[in-house]
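Trainee: Okay, handing you the structure first.
Please treat every number below as a calculation from the coordinates, not as lab data. Note that the structure is predicted; figures quoted are calculated from it, not measured. Positions of Cβ are backbone-derived with ideal geometry, glycine not excepted, and every protein chain shown enters the neighbour counts.
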Amino acid sequence: MSIKAVNLTHIYGEGTAFEQYALRDVNFEIEDGQFIGLIGHTGSGKSTLIQHLNGLLKATSGELYYNGENIYAPGYDMKALRSKVGLVFQYPEHQLFEVDVFSDVCFGPKNQGLKKEEVEERARKALELVGLDESFYAQSPFELSGGQKRRVAIAGVLAMDPEVLILDEPTAGLDPKGRDEILGQLERLHRDRGMTIILVSHSMEDIARYADRLIVMNHGEKVFDDTPRNVFRSYKELESMGLAAPQVTYIVQALRREGIPIDDSLITVEEARDAILSMVGLKTGRTEKKQNA
Amino acid sequence: MGIIKAVNLIFDYIKRDEDEQIEGVDRAIDGLSLDIQEGSFVAILGHNGSGKSTFAKQVNGILAPTEGTVLISGMDTRDEGHIWDIRKTAGMVFQNPDNQIIGNIVEEDVGFGPENLGVPTEEIWKRVDESLEAVGMTAYRLKSPNKLSGGQKQRVAIAGVMAMRPKCIILDEPTAMLDPNGRKEVIRTVHELNRREKITVLLITHYMEEVVDADRVIVMDDGKLVMDGTPREIFSRVRELKQYRLDVPQVTELAYELAEAGLPVSRGILTMDELLSQLVPYMKEHRICR
Amino acid sequence: MLREITLGQYYPVDSVIHRMDPRTKLLGTLLFIISLFCADNIWGYGAAALFLAAVIKLSRVPFKFMVRGLKAVLVLLLISVSFNLFLTSGQVIFQIGFLKITLEGVRTAAFMALRLIFLVLGSSVMTLTTTPNELTDGLEKGLGFLNRVGVPVHEVAMMMSIALRFIPILIEEADKIMKAQMARGADFESGNLVQRAKSMVPLLVPLFISAFRRATDLAMAMEARCYRGGEGRTKMKPLRYQKRDRVSQVVLVLYLAVMIGTRFVS
């Protein structure tokens, strides 16, 4: 079970003077249960890419397989694909439209043609997953706080019971607490329900903390596809693309330049702290594992 | 007395039902007193709903105090007769780059403020030229705002305020909707204005890395001022900041954690070089050879 | 899909017509339209064609750009031509069943078609050589006299200019919301008329909410920049008539006189 892209290419304005490659020969395979970070500066093609994965955009050339089936084959059920690959756009709260939270979350499953009881069951579950209890059901989505609105919008996609969840900068504009709440919920969805998550983000710190694989896009091409640790080792190449590694990477690299042989794959504050302390003979008693939110 | 002075400021958002009856009162600012010196770069931090944006609107006279006073260059914001002078003195840049650009061409948008102030045509051109130069957007003066990146749009918005020749600029989360490069671009521009043009800057944000170079950092929570000091002082209180739902840059957090564990590293570390200059000698000396 | 709509079809080259004051161009368009209604014989249409050809030549806009505007009115053109062709009574020159074509019918249809084509071309010259901003400015200043009878000319012009700025933004936003709802299984393309209208709700509600939010933000931003209506405002780019405008105005009046004159040529 996977998403597989083969030579995926997308050209805007093909045949005109404004012809521009948004994607050029992108290849990858995403297996079930991965937590993938997708980064690239504005205009690198990452937004175009995720819209291909649920069939909203069609590739100019190349193929895309979902669970082994070619989604561009004649007669392929795009609507079914969209409910299996859930896509949460940037500022998803801008898509809310119903009079109350509960009805809004019901919109997706209702479009799937499910029975009323099933629709409501799905909505209840989805709202629970994003941490909104029954007291929110009857409220107008427009009177909630920014972070709550966003969670309702994410629930609206989760209610379609997707196997893969793609989120385009789900934390944009939120404060640190709101950001940690959303990312924590994604982490739980991934851990407890084995959901495949693709997280588009500008924050290397967030990627370092949550993702186990990192894809970097630049000028429509895939330039890196590896664990975050390995990708961040190439911080110089990242900088040449207008990106950067987490601050910790820079600290570690600077220490190594000073002749201190610290492991260069450390990417979170906790890892760096523990490594430094153990090098000077102090132990913290805490584990070196990634800290979970 | 400073350019911005708030005394026991209280502001309530009043919710009314259909019959104009008061349904609920939401206290956004709760007894805030503050004095900001002319020419300084002050950052106000706080999570969403801490009252920081409401305060910004008080300074510009968009909202009037429920109780207490706000004085801008000695002018009371509740004094209707001074409202335009106050807005001219304390210009405001908002969060959403799209929703504050009025003109269809960059230079015309920058000219919008001076036009409203009744500045003569030649003087408008002079101010527009200077303002665009100050934010580094001269090359884009004839472009449509829709063709610019988020960071560029915010720089145009800043130029629009500069053209009114303010003494002070208030920026209400100007980088919240931008990508990292756009964010840096805007913060760099604001620092340059502060340094070169001696403009007082009041930067409201929740990104901690943007306030490292400020002269003074104020933290708001629940409508109150809860922390006030230099970045170094504020950043040395990591636990407290986290309690106010704020974050510190990774370098500051690492330094804090190491200091907590007993390493001789100071707590209010702001830059990587600072951390390295303290950490490297210590590690070279105390490293356990494996 | 929605993004392909382009607004204002300004063609950026430098020409006498481009540099003309928008008020002159507005007046010119108005006089040209009036002149078309003066024409009632071959001489009149000939003079109008000559005048139009000269203006197009001066504007340096390629003719094919002008013709593009005609596509939009093609259907209207065909309908009005066929109505005139078949429904004018007079000397029959051709007949299939009940459909009769008369000499007078051919004549009126031909003139009608010419009038419509000239009308579209004439106004295209204006929109192709004038930026939307200049146009609003021209309207504001040119219709300034209406202020005295209580028409808020400045406010209307300001609204037009803000609309010009926000329409592309809202179109892009509509595109995004549409995609977001499609990702939630919404279907905008199939079903009957009622179903389709209903399916627009998830698009229109968020779009309106967004438009209102933008309006509130913008109003605040305008106030923060000391906007308080048209009174006491100065202009960064004030409109001033140049020599070329005065020359053009004289030419326009002469042209109109010629057009009226053609009515008396048999």
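Trainee: Between residue A:133 and residue C:112, how high is the FRET efficiency from 1/(1 + (r/R0)^6) when r is the Cβ-Cβ distance and R₀ = 51 Å? Nearest 0.05.
Mentor: Details: r = 70 Å, r/R0 = 1.36.
Efficiency, rounded to the nearest 0.05: 0.15.
Trainee: Still on this structure: Specify the longest stretch of chain C that does not include any exposed loop site, a site being one of the GluC sites (Glu not before Pro) with a non-H, G, I, E, B DSSP assignment and at most 11 other Cβ atoms within 10 Å.
Mentor: Values: sites that count: C:189, C:231.
That gives C:1-188 as the longest site-free run.
Trainee: Under the Karplus relation 6.51 cos²θ - 1.76 cosθ + 1.60, θ = phi - 60°, what is the ordered set of whole-Hz ³J(HN,Hα) values for the range C:33-41, x standing for Gly and Pro?
Mentor: Rounded to whole hertz, the list is 5, 4, 4, 5, 7, 7, 5, 9, 8.
Trainee: Quick check on my link table: of A:58/A:84; A:58/C:71; A:79/B:153; B:242/C:176; A:177/B:15; A:58/A:115, which ones sit more than 28 Å apart, alpha carbon to alpha carbon?
Mentor: On the way: A:58/A:84 17 Å; A:58/C:71 30 Å; A:79/B:153 38 Å; B:242/C:176 35 Å; A:177/B:15 26 Å; A:58/A:115 31 Å.
Long pairs (Cα-Cα over 28 Å): A:58/C:71; A:79/B:153; B:242/C:176; A:58/A:115.
Trainee: Just to be sure I understand: of the beta bridges DSSP finds with both ends in the protein assembly as shown, what percent are antiparallel, rounded to 5?
Mentor: Working: 47 of 82 bridges.
Percentage antiparallel, nearest 5: 55.
Trainee: I've got another one for you. What distance in nm lies between label points placed 7 Å from Cα along the C-beta direction at residue B:78 and residue C:16?
Mentor: 6.5
Trainee: In vacuo Debye scattering of the range C:165-231, one point per C-alpha: log10 I(q)/I(0) at q = 0.15, 0.22 Å⁻¹?
Mentor: Once normalised to I(0) and log-transformed, intensities are -0.60, -0.94.
Trainee: Run down the aspartates and glutamates and flag those whose C-alpha is under 13 Å from the C-alpha of residue A:116, throwing out any fewer than 8 positions away in its chain.
Mentor: none
Trainee: Taking the Cβ of each residue in B:153, C:243, B:126 as the centre, tally the other Cβ atoms inside 10 Å and list the residues starting with the fewest.
Mentor: Values: B:153 25, C:243 7, B:126 14.
Ranking B:153, C:243, B:126 by Cβ neighbours within 10 Å, fewest first, gives C:243, B:126, B:153.
Trainee: Using amide H atoms built in the peptide plane, which far-off residues or other-chain residues are under 5 Å from residue B:228 H to H?
Mentor: Amide H neighbours of residue B:228, under 5 Å, 5+ apart: B:219.
Trainee: In chain B, once you exclude exposed GluC sites (Glu not before Pro) (DSSP loop, at most 11 other Cβ within 10 angstrom), what's the longest stretch remaining? Numbers along the way, then the final one.
Mentor: On the way: sites that count: B:18, B:20.
Excluding the exposed sites themselves, the longest stretch runs over B:21-290.
Trainee: How many angstrom lie between the C-alpha centres of the range A:5-73 and the range B:254-290?
Mentor: That distance is 45 Å.
Trainee: Right, another one. Please list 3J(HN,Hα) in residue order for the range A:181-189, calculated via the Karplus relation 6.51 cos²θ - 1.76 cosθ + 1.60 where θ = phi - 60°; whole Hz, with x for glycine and proline.
Mentor: Rounded to whole hertz, the list is 5, 4, 5, x, 5, 4, 4, 5, 4.
Trainee: To the nearest 500 deg cm²/dmol, what mean residue ellipticity at 222 nm is calculated for chain C from DSSP H runs of n ≥ 4 alone, each contributing -39,500 (n - 2.57), summed and divided by the residues?
Mentor: Working: 11 runs with 183 residues, N = 266.
So the helix-based figure for chain C works out to -23000 deg cm²/dmol.
Trainee: Hey, another quick one. Determine, from the Cβ-Cβ distance of residue C:143 and residue A:80 and an R0 of 45 Å, the FRET efficiency 1/(1 + (r/R0)^6), rounded to the nearest 0.05. Write down the numbers at each step before the final one.
Mentor: Values: r = 57 Å, r/R0 = 1.26.
Once rounded, the FRET efficiency stands at 0.20.
Trainee: Counting Lys +1, Arg +1, Asp -1, Glu -1, what net charge surrounds residue B:276 among other residues with beta carbon under 13 Å of its beta carbon? If you can, show how the numbers build up before the last one.
Mentor: Values: positive: A:256, A:257, B:284; negative: A:258, B:273, B:274.
Local charge sum for residue B:276: 0.
Trainee: Which whole-number percent is the relative contact order of the range C:1-136 (Cα, under 8 Å, 6+ apart)?
Mentor: Details: 127 pairs, mean separation 49.4, N = 136.
Worked out over the range C:1-136, it gives 36 percent.
Trainee: Restricting attention to the range A:34-84, which chymotrypsin sites (Phe, Trp or Tyr not before Pro) occupy a DSSP loop and are surrounded by at most 15 other Cβ atoms within 10 Å? Please report the intermediate quantities before stating the final value.
Mentor: Details: sites: A:35, A:65, A:66, A:72, A:76; in loops: A:72, A:76.
Loop-located and lightly packed - A:72, A:76.
Trainee: How would you rank A:271, A:117, going from fewest to most other Cβ atoms within 10 Å of each one's own Cβ? Don't jump to the answer; show the numbers that get you there.
Mentor: Working: A:271 20, A:117 8.
Fewest-to-most Cβ neighbours within 10 Å comes out as A:117, A:271.
Trainee: If you rank B:141, A:150 by fewest surrounding Cβ atoms within 10 Å, what's the result?
Mentor: Least to most surrounded, the residues fall as B:141, A:150.
Trainee: Residue-wise, which Karplus ³J(HN,Hα) couplings in Hz belong to the range B:189-195, taking 6.51 cos²θ - 1.76 cosθ + 1.60, θ = phi - 60°, and x for glycine or proline?
Mentor: 4, 5, 5, 5, 4, 5, 6
Trainee: Here's a follow-up. Let me check against my output: what whole-number percent is the relative contact order of chain C, with C-alpha pairs under 8 Å and at least 6 apart?
Mentor: So the answer I get is 31 percent.
Trainee: Of the residues C:45, C:227, C:11, which exhibits the maximal mean-square fluctuation in a Gaussian network model of chain C defined by a 10 Å Cα contact cut-off?
Mentor: C:227
Trainee: Helix-derived [θ] at 222 nm for chain A: sum -39500 (n - 2.57) over DSSP H runs of at least 4, divide by residue count, nearest 500?
Mentor: Working: 11 runs with 112 residues, N = 293.
Result for chain A, helices only: -11500 deg cm²/dmol.
Trainee: Here's a follow-up. Would you compute the Debye intensity of the protein assembly as shown from its alpha-carbon atoms alone, equal scatterers and no solvent, and pass along log10 I(q)/I(0) at q = 0.08 Å⁻¹ to two decimals?
Mentor: For the protein assembly as shown, the Cα-only Debye profile gives -0.87.
Trainee: May I ask you to derive the FRET efficiency for residue B:21 and residue C:155 from their Cβ-Cβ distance with R0 = 35 Å, giving the value to the nearest 0.05?
Mentor: Calculated transfer efficiency: 0.55.
Trainee: So, one more: Please list, in chain and number order, the residues 5+ apart from residue A:223 or on another chain whose amide H is under 5 Å from its amide H, with Hs placed from the backbone.
Mentor: So residue A:223 has HN proximity to A:216, A:217, A:218.
Trainee: In nm, give the distance between the simple-model label positions of residue C:260 and residue C:60, each being 7 Å from the Cα along the Cα-to-Cβ direction.
Mentor: 3.5
Trainee: Averaging the inverse of every distinct alpha carbon separation and then flipping it gives the Kirkwood radius. What is it for chain C, in angstrom units?
Mentor: Numbers: mean 1/r = 0.0445 Å⁻¹.
One decimal place: 22.5 Å for the Kirkwood radius.
Trainee: So which lysines can residue B:284 reach, going by Cα to Cα under 25 Å and dropping same-chain residues fewer than 8 places off?
Mentor: A:283
Trainee: Separate question: If contacts are Cα pairs under 8 angstrom and at least 6 residues apart, what is the relative contact order of the range A:42-95 in percent? Each step should come with its number before you reach the end.
Mentor: Working: 28 pairs, mean separation 17.2, N = 54.
The normalised contact order for the range A:42-95 reaches 32 percent.
Trainee: Quick one: angle between helix A:247-257 and the longest Cα principal axis of chain A, in degrees between 0 and 90, rounded to 10, please.
Mentor: 20
Trainee: With a 10 Å cut-off between alpha carbons and a GNM built on chain A, which of A:88, A:26, A:200 moves the most?
Mentor: Sorting by GNM fluctuation, first place goes to A:26.
Trainee: Can you work out the PRE-style zone for residue C:42? Point 7 Å along Cα to Cβ, and I want the residues of the range C:86-122 with backbone N under 19 Å.
Mentor: Once the point is set 7 Å along Cα→Cβ of residue C:42, C:91, C:93, C:102-115 turn out to lie under 19 Å by backbone N, inside the range C:86-122.
Trainee: Please work out the C-alpha center-to-center distance from the range B:1-34 to the range B:71-133 and express it in whole Å.
Mentor: So the two Cα centres are separated by 26 Å.
Trainee: Which length gain, in nm to one decimal place, applies between residue A:25 and residue A:221 when the Cα-Cα distance is subtracted from 0.36 nm times their residue separation? Please report the intermediate quantities before stating the final value.
Mentor: Numbers: separation 196, 0.36 × 196 = 70.56 nm, distance 0.69 nm.
Here the segment from residue A:25 to residue A:221 would lengthen by 69.9 nm.
Trainee: Would you kindly work out the equivalent ellipsoid of chain B from its C-alpha gyration tensor and give its semi-axes, the square roots of five times the eigenvalues, largest first in whole Å?
Mentor: Numbers: eigenvalues 255, 137, 55 Å².
Ellipsoid semi-axes (Å, largest first): 36, 26, 17.
Trainee: Could you name the lysines whose alpha carbon sits less than 17 Å from that of residue C:243, not counting residues in the same chain fewer than 8 places away?
Mentor: C:25
Trainee: Can you check what the net charge comes to around residue B:89, using other residues whose Cβ is under 10 Å from the Cβ of residue B:89 (Lys, Arg +1; Asp, Glu -1)?
Mentor: Spelling it out: positives minus negatives among the neighbours equals +3.
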